[in-house]
Amino acid sequence: MGFEKYILKQNAYTLLEIIIVIVIISALVSLAIPKYTTTLEKTRLGEGLQIIEALYKAQRAFFFEAGTGAYANTFAQLDVSIPAPNNFNLLTDANLTPPAPPAPAGSLATVTRTGSYSLFVNAAGLITCGPVAFAATCNRIGCRGAGNPCN
């Protein structure tokens, strides 16, 4: 009879057991969230890299076909169709004109992540991330810090 009382008594979890499980789950979640956000941002970076590479190829085509020794200043001059980005600012002619600082000198095009970093491409096809204020973000997504190559 004593054994049966013990079994009947143990049909629920104690408060201490529940708290321990919650602490363990919280610790695991706190480790997983930074990894998840980094992976999510790398996915968004892929969209930016596709856009900047398309702009670079269109700029190079314009440079060789126009024969003026200059790059395009407007989208009307380029033979490229880029759909509206989901995670980056809408593209305008300002993305092609010689970008203002913080863009590196010699940038052909720029694309800016909504509320965050920008990607720049130069005539050699080198894609960089910036500005310096977002160096940690650039480094986290694989661009080795602001101003360093992403490709």
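The table for this structure:
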read-out	value
Answer from 110, 92, 97 - the residue that is of a type outside the set (A, V, I, L, M) and either modelled with pLDDT of 90 or more or closer than 19 Å to residue 150 by Cβ (or both)	110
Among residues of region 28-56, those that are out of contact with any Phe, Trp or Tyr (no Cβ under 7 Å at 6 or more places or on another chain) and surrounded by 15 or more Cβ atoms within 10 Å (Cβ to Cβ), counted	9
Residue in region 67-84 that is of a type in the set (Ser, Thr, Tyr) and within 15 Å of the chain's Cα centre (by Cα) present	no
Residue match in region 55-74 (condition: hydrophobic (A, V, I, L, M, F, W, C), in contact with a strand residue (DSSP E or B) (Cβ under 6 Å, 6 or more places away or on another chain) and assigned to a helix (DSSP H, G or I))	yes
Single condition residue 70 does not satisfy, out of (1) over 15 Å from residue 109 (Cβ atoms); (2) modelled with pLDDT under 90	(1)
First in region 96-108 and under 15 Å from residue 127 (Cα atoms), second anywhere and of a type outside the set (Lys, Arg) and modelled with pLDDT under 75, Cβ under 7 Å, 6 or more apart	104/147; 107/99
Number of the condition not met by residue 64 [criteria: (1) loosely packed, with under 14 Cβ neighbours inside 10 Å; (2) in contact with a Ser or Thr (Cβ under 9 Å, 6 or more places away or on another chain); (3) of a type in the set (Phe, Trp, Tyr)]	(2)
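The values are calculated or read from the model by the stated rules, or taken from the named source; none is laboratory data. A quick note: this is a predicted structure, and the numbers were derived from the prediction, not measured. Virtual Cβ from ideal backbone geometry, glycine too; neighbours counted across all protein chains shown.
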